[in-house]
Each structure stands twice: as structure tokens, then as C-alpha cells.
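Heads up: the structure comes next, in C-alpha cells.
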Amino acid sequence: MTPQTVYARVDSPLGEMLLVGRVTEDGSAELASLSLPGQKGAVVVQDGWRRSPEAFEGIAGQLAEYFAGRRDRFDIAYAAGGTEFQRRVWRALEDIPYGSTVSYGDIARRVGSSGAGVRAVGTAIGRNPLLVVRPCHRVVGADGTLRGYAAGLERKERLLGLEGGAHV
């Protein structure tokens, strides 16, 4: 039997977030997607998905703590997804410390894909299905300028401001 996809909507300073995942044995959700309103490539609720706010209580609590400035790291079970290359890039995102930024080139070097690979890294970052919790907002241009964020540069700037992030 295939696990059922569940979802919940959670308010945030960035707008109503859509959390999507699968229920684990303990009744919590394994997060597969976190989308924001107007996000490029945002997930939309599908027929057959079940609304289950209770499955996301732990995740919602961590997000609330983050937005209140009381959490700088997430302890969330993620559903597997993406290609091997994307997963390498996404793991590198998770290593970026709270309140700091790195460049796309830095991430490319970390995953062994420098030079022309910077573009592929940017594409992988753009396909990150877990905005906010997998901190792609901490990646900026080599000159420190804000570049690309699926949910818009204003939200990227707000997240970095929340974290007190200094640019590269």
C-alpha cells in the first residue's frame, strides 16, 4: 500500500505555507514540499490528498520558532526526492550556517562542480522543494547581490533579514 499524501496550511510572515508530505509510523509527517503563495513551481493540492494539520504539528512548531527568532536549525524528517546531484547540492545548503550567506560558486566547489557547473548548481537550488527549512535563501551572487529565489527576492531578503545575515 502506497503511503497517502497529506498536507496542511500554516500561516507565516511570508504568507500561508503549504506543507506536503507522507505520514510516518509515529503519525508525524515526513516533509516532501514547503511552498509559498506565488512561488515559481509551487505545489498545489491534488485530488486524493488528505488535509492533516496534526501530522505537521512538530514542523509547524519549528517554523513558528524560526520566524520568532528562537530557532536557527530545523530537525525535520524529509521525504527523499531529486536526483543524486540535486541531493548533493541540497545537503550543501543544509550546511550553510544560520545568519550567513555563501555564493553559488561556493556551493559548486563544495559539491565538486565548479566552473561551468555553477549553472547546474543554480538549477538544482531552484528546484529545492523545501523552501525556508532547506536554506536556499542563504545563497547569493558572487558579488553579494540577491539572485534567484522561487518565492521572490523580497521573501529572500526578509529571510536573510530575519537571520541577520550578512552578504558574502
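The values are calculated or read from the model by the stated rules, or taken from the named source; none is laboratory data. What you are looking at is a predicted structure, and each value in this text was computed from that prediction instead of being measured. Cβ: placed from backbone, ideal geometry, glycine included. Neighbour counts: every protein chain shown. These accessible areas exclude ligands, DNA and RNA; they are computed on the full protein's heavy atoms, side chains included. Shrake-Rupley method; radii C 1.70, N 1.55, O 1.52, S 1.80 Å.
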Item to check | Quarter of the Cα convex hull surface for the range 1-96, i.e. its orientation-mean projected area (nm²) | outcome: 7.2 nm²
Checklist entry - How much of the DSSP beta bridge set in the chain is antiparallel, as a percent to the nearest 5? => result 65 percent
Next on the checklist: Quick check: from the Cα gyration tensor, does the chain come out rounded (a/c under 1.5), prolate or oblate?
Outcome noted: prolate
Checklist entry - Measuring from label point to label point, each 7 Å out along Cα→Cβ, what is the residue 95 to residue 116 span in nm? => result 2.5 nm
Checklist outcome for this item: Of every Cα-Cα pair in the range 114-168, the percentage lying beyond 19 Å is 23 percent
Checklist outcome for this item: Stretched fully, the stretch from residue 75 through residue 153 gains (0.36 nm per residue minus C-alpha distance, one decimal, in nm) 25.5 nm
Next on the checklist: Give me the percent of accessible area attributable to carbon and sulfur for the range 19-168, probe 1.4 angstrom.
Outcome noted: 48 percent
Item to check | Accessible area expressed per residue, the range 50-168, with surrounding protein chains retained (probe 1.4 Å, Å²) | outcome: 49 Å²
Item to check | Mean separation of Cα contacts under 8 Å (6+ apart) over length of the chain, as relative contact order % | outcome: 21 percent
Checklist entry - Could you state the number of Å between the C-alpha centres of the range 99-151 and the range 53-74? => result 23 Å
Checklist entry - Under a Cβ-Cβ cut-off of 10 Å, what is the net charge of the residues other than residue 100 that fall near it, where Lys and Arg count +1 and Asp and Glu count -1? => result 0
